[in-house]
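First up is the structure itself, then whatever we jot down about it.
Nothing in this text is a laboratory measurement; each read-out follows from the coordinates by a stated rule. All values derive from a computational prediction rather than experimental measurement. Cβ coordinates were reconstructed from backbone atoms using ideal geometry, including for glycine residues, and neighbour counts include every protein chain displayed.
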Amino acid sequence: MTIQLYTGFGSGNSYKADLFLKLLAVPYEAVPISIPKGENRSPEFLALTPFGQIPVLVDDGRVITDSHAILCYLARAYGGVAADQWLPVEAEPLAQVMRWLSFSANEIQNGPTMARAVKLLRWPLDYDLAVKKAYRALEIMDAHLAQRDWLATENPTVADIACYPYLLLAAEGGVDTQPFAEVSAWLRRVEELPGFWPMPRIPNLPDVTLVPYAPPEA
Ligand SMILES: N[C@@H](CCC(=O)N[C@@H](CS)C(=O)NCC(=O)O)C(=O)O
């Protein structure tokens, strides 16, 4: 039975699932859901997930919601010989992966993701606070990646796939990743993974002025 991924153009959370399916070379059917058209509020879609959010993965009757849950499901179900690499089962590396999945769901979500939501979707949020959180998250990541190639273990894991999209998209929210050399190098490493699939980008977006990064005073 074909795997279906309910996904949306411009959605970084959906792209996490699309990208990982491509990296694992798992065939699937992409079912586009338009949030601007309200398709995520249709009775059919809400029957799949009361959250009304994309992405949703349906695999042989199993419905998996939430991008990070989908990444973990795919790693274990379809990772094959690399399953333990993408999502380790041993206590310490598993904890490290969870730590960076939480970073994606909290620090990245509340930083670059929210800054982008303000600029792209006009969400009525505190933009300055989102940018401040974004730069703090980037400082932490940059220092962490100065010591290592990948976020959680010595190999790429689902944590790298989870953190990648909204840092790729950071400039759409006015957040500049350029001053963060280690993060920039890590973004390129993700893009060099075999099977990497670039995110289809929203064309003709209005220019967003990058907020200059000011390093903390020593
Ligand atoms: N925790 C969820 C968040 C998913 C999410 O916020 N998806 C957005 C698109 S990127 C969405 O569906 N928004 C519509 C809504 O919340 O009504 C995940 O990681 O998948």
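Here are some notes:
- Stretch in the chain that is longest and holds no trypsin sites (Lys or Arg not before Pro) that DSSP places in a loop and that have at most 13 other beta carbons within 10 Å: 38-121
- The GluC sites (Glu not before Pro) found in the range 127-205 that occupy coil by DSSP, while having at most 13 further C-beta atoms within 10 Å, are E154, E192.
- Charged side chains reduced to their Cβ positions (Lys and Arg at +1, Asp and Glu at -1) give the chain a dipole of some 480 debye around its Cα centre.
- Sorted by Cβ density within 10 Å, fewest first, the residues T177, T2: T2, T177
- Cβ-based net charge around S11, under 14 Å, with every Lys or Arg adding one and every Asp or Glu removing one: 0
- Less than 5 angstrom separates the built amide H of V31 from those of L5, Y6, T7, all sequence-distant by 5 or more or on a different chain.
- Taking a straight Cα-Cα cut-off under 16 Å and skipping sequence neighbours fewer than 8 places away in the same chain, the aspartates and glutamates within cross-link reach of K119 are D128, E172, D176, D207.
- Sum of side-chain charges, M141 neighbourhood, beta-carbon under 9 Å (Lys, Arg +1; Asp, Glu -1): -4
- Residue exposure sequence - C72, C163 - by fewest surrounding Cβ within 10 Å: C72, C163
- Remark: the range 119-133, residue by residue, has Karplus-estimated 3J(HN,Hα) of 6, 8, 10, 6, 5, x, 10, 6, 5, 4, 5, 4, 5, 4, 5 Hz, where x stands for each Gly or Pro and the curve is 6.51 cos²θ - 1.76 cosθ + 1.60 at θ = phi - 60°.
- Subtracting the Cα-Cα distance of A83 and A30 from their residue separation scaled by 0.36 nm leaves 16.8 nm.
- Under 19 Å from the Cα of K22 - aspartates and glutamates, other chains or at least 8 residues apart: D59, D60, D66, D84, D160, E191, E192
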